[in-house]
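Student: Before anything else, here's the structure in question.
The values are calculated or read from the model by the stated rules, or taken from the named source; none is laboratory data. Quick caveat, the model's predicted, so the values are computed rather than measured. Don't worry about glycine lacking a Cβ; one is built from the backbone with ideal geometry, like all the others, and counts go over all protein chains shown.
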Amino acid sequence: MNSIRSYALVTGAYWGFTITDGALRMLVVLHFYKRGYDSISIAFLFLFYEFFGIVTNLFGGWIASRSGVKVTLYGGLALQIFALLMLALLNPHWSEVVSVAYVMAAQALSGIAKDLTKMSAKSAIKVIVPDGTDGALFKWVARLTGSKNALKGVGFFVGGALLAAFGFVGALVGMAGALVVVLLATVASLSGDLGRSKKKVKFTSLLSKSSEINWLSAARLFLFAARDVWFVVGLPVFLSQLGWSFYAVGTFLAAWVIGYGFIQAGVPEILHALGSRDTVDGAAARQWAFVLLLVPLGLIGALRFGVEPGLALMVGLAIFAVVFAINSAVHSYLVLAYTDEDSVALNVGFYYMANAAGRLLGTLLSGILFKFAGFQGCLWGSGALVLAAAVLSLGLPRGHAVSLATVDVGGSE
């Protein structure tokens, strides 16, 4: 199968899923806030979503290695359809306890679906990109990851618009129907055993034996915890305390996610512009982690020295978007560069298990630190977690690198 066609099919399926994922998050938050649920109850609705991402990435990589990533890709899409329809059947007359438990179960399925689909799409790129084209691999991974983040932000807008136009049930049924079309089109068009291991993968292989993957996964855990420790609770609540309306906060965060996605898609060009002789390897991961450390520390200094909070956040968030996007794109490339085609799904699953664990850790710390130390406490926590990621990156080798000079930046896909 033509590699460009395969890339387009996998990416299209991932895009379709990502929009519903972002929309569903906005639907759940707005709908249950409107019904009078407090912030703790709403937070519990997403607890299983994050937790089951950890489990899914671990076991999903093993399943994909034995069955191929097409199986996990189709499974993720099908599970999301089921979760959307399950939520549509929620009875508004149930008690809050029963409703929360029911939605948590549906969100658990959605969390499994999300990480199955993401792991499948990322693994498929390693198989699709022809051998010996590492420059192209770095660019394609950046495009896929960046577009996903941008479309998740679009999903926030879609969720609010669908809720206003069709109500909670109508929005869910409509999204489920759209995903059915995506699933059928992907099944009919995608062929081959993408990502299936040529040798039998033992269940004991779930925990990666590659030191590069282990060091990278550990760094990834703390990197994403460092983002979510101030993004999940601290930032939106702090903006509200500055007098921003809920709609302004939601719109701003959606716009930031979209902008961040576009930046991430352009990371190869950004790095090329910063120094064409540089390479993307373990040294680059270390360097950019230490650069990222300056952002939360700089924000703390700005707030303490009396810089207007709104201005400090706008500048800080803009810088954070660029530097974090570079960190994330470098990590996403390295996990593929450090693995061979035969074990790609297993290693990518392990890596994104660490990613999900980082999000869960960041989410929990965000609430705790904001409660006891305020927004600056969240920023101090972010700095400590970034430092941990940078220190862990010291274990990454310099090899397995792609020279930025090999990355074609003259045109578009």
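Student: Please work out if Leu303 is touching a Leu at 6+ places or on another chain (Cβ under 7 Å), in a helix (DSSP H, G or I), in contact (Cβ under 8 Å) with a residue 12 or more places away in the chain and more than 20 Å from Glu212 (Cβ to Cβ).
Tutor: No; evaluated as a whole, the condition is false for this residue.
Student: Something else now. Please identify the pairs in which a residue from region 226-253 that is closer than 26 Å to Val391 by Cα has its Cβ atom under 7 Å from the Cβ atom of a residue that is aliphatic (A, V, I, L, M) and assigned to a helix (DSSP H, G or I), counting only partners at least 6 apart or on another chain.
Tutor: Correct list of pairs: Ala226/Leu385; Ala226/Val386; Ala226/Ala389; Val229/Leu365; Val229/Leu369; Val229/Leu385; Trp230/Leu379.
Student: Tell me the residue from Ala285, Ala289, Ala273 that is surrounded by fewer than 22 Cβ atoms within 10 Å (Cβ to Cβ) and out of contact with any Asp or Glu (no Cβ under 8 Å at 6 or more places or on another chain), please.
Tutor: Every option except Ala273 fails the conditions.
Student: For region 265-285, state whether one or more residues are touching a residue at least 60 places away in the same chain (Cβ under 8 Å) and in contact with a strand residue (DSSP E or B) (Cβ under 6 Å, 6 or more places away or on another chain).
Tutor: yes
Student: Restricting attention to region 229-237, does a residue exist that is closer than 30 Å to Thr339 by Cβ, modelled with pLDDT under 85, aromatic (Phe, Trp, Tyr) and within 22 Å of the chain's Cα centre (by Cα)?
Tutor: Yes.
Student: Oh, and also: Of everything in region 65-110 that's among the small types (Gly, Ala, Ser) and not in a helix (DSSP H, G or I), which residue is nearest to Arg35 (Cα to Cα)?
Tutor: Ser95
Student: With respect to Tyr260, determine if the residue is modelled with pLDDT under 85 and part of a helix (DSSP H, G or I).
Tutor: No, not satisfied.
Student: Of these, Val280, Val315, Val291, which one is at pLDDT 90 or above, under 30 Å from Ala218 (Cβ atoms) and not charged (D, E, K, R)?
Tutor: Going through Val280, Val315, Val291 in turn, the sole match is Val291.
Student: In addition: In region 188-209, which residue that is surrounded by 14 or more Cβ atoms within 10 Å (Cβ to Cβ) and in a helix (DSSP H, G or I) is modelled with the lowest pLDDT?
Tutor: Selected residue: Ser205.
Student: Turning to a different aspect of this structure: Consider Gly132 carefully, then state whether it is out of contact with any strand residue (DSSP E or B) (no Cβ under 8 Å at 6 or more places or on another chain) and at pLDDT 90 or above.
Tutor: no
Student: Let me ask something additional. What about Val249, is it of a type in the set (Val, Ile, Thr), in a helix (DSSP H, G or I) and modelled with pLDDT of 80 or more?
Tutor: The answer is no for Val249.
Student: Within the group Gly275, Gly301, Gly362, which residue is out of contact with any helix residue (DSSP H, G or I) (no Cβ under 7 Å at 6 or more places or on another chain) and either modelled with pLDDT under 90 or among the β-branched types (Val, Ile, Thr) (or both)?
Tutor: Result: Gly275 is the single residue among Gly275, Gly301, Gly362 that is out of contact with any helix residue (DSSP H, G or I) (no Cβ under 7 Å at 6 or more places or on another chain) and either modelled with pLDDT under 90 or among the β-branched types (Val, Ile, Thr) (or both).
Student: Is there any pair linking a residue in region 373-388 that is more than 16 Å from Arg359 (Cα to Cα) to one that is assigned to a helix (DSSP H, G or I) and not aliphatic (A, V, I, L, M), with Cβ under 6 Å and at least six apart or on different chains, and which?
Tutor: Sorted first by the residue in region 373-388, then by its partner, the pairs are Phe375/Gly234; Phe375/Phe238.
Student: Let me ask something else about it. Given the conditions (1) in contact with a helix residue (DSSP H, G or I) (Cβ under 6 Å, 6 or more places away or on another chain); (2) closer than 30 Å to Ala164 by Cα; (3) surrounded by fewer than 23 Cβ atoms within 10 Å (Cβ to Cβ), which single one is not true for Gly316?
Tutor: Evaluating Gly316 over (1) in contact with a helix residue (DSSP H, G or I) (Cβ under 6 Å, 6 or more places away or on another chain); (2) closer than 30 Å to Ala164 by Cα; (3) surrounded by fewer than 23 Cβ atoms within 10 Å (Cβ to Cβ) leaves (2) as the failure.
Student: Tell me yes or no: at least one residue of region 146-163 is modelled with pLDDT of 90 or more and part of a helix (DSSP H, G or I).
Tutor: No, region 146-163 has no match at all.
Student: What are the residues in region 156-171 that are of a type in the set (Gly, Ala, Ser) and within 19 Å of Ala248 (Cβ to Cβ), if any?
Tutor: Within region 156-171, Gly159, Gly160, Ala161, Ala164 meet the criteria.
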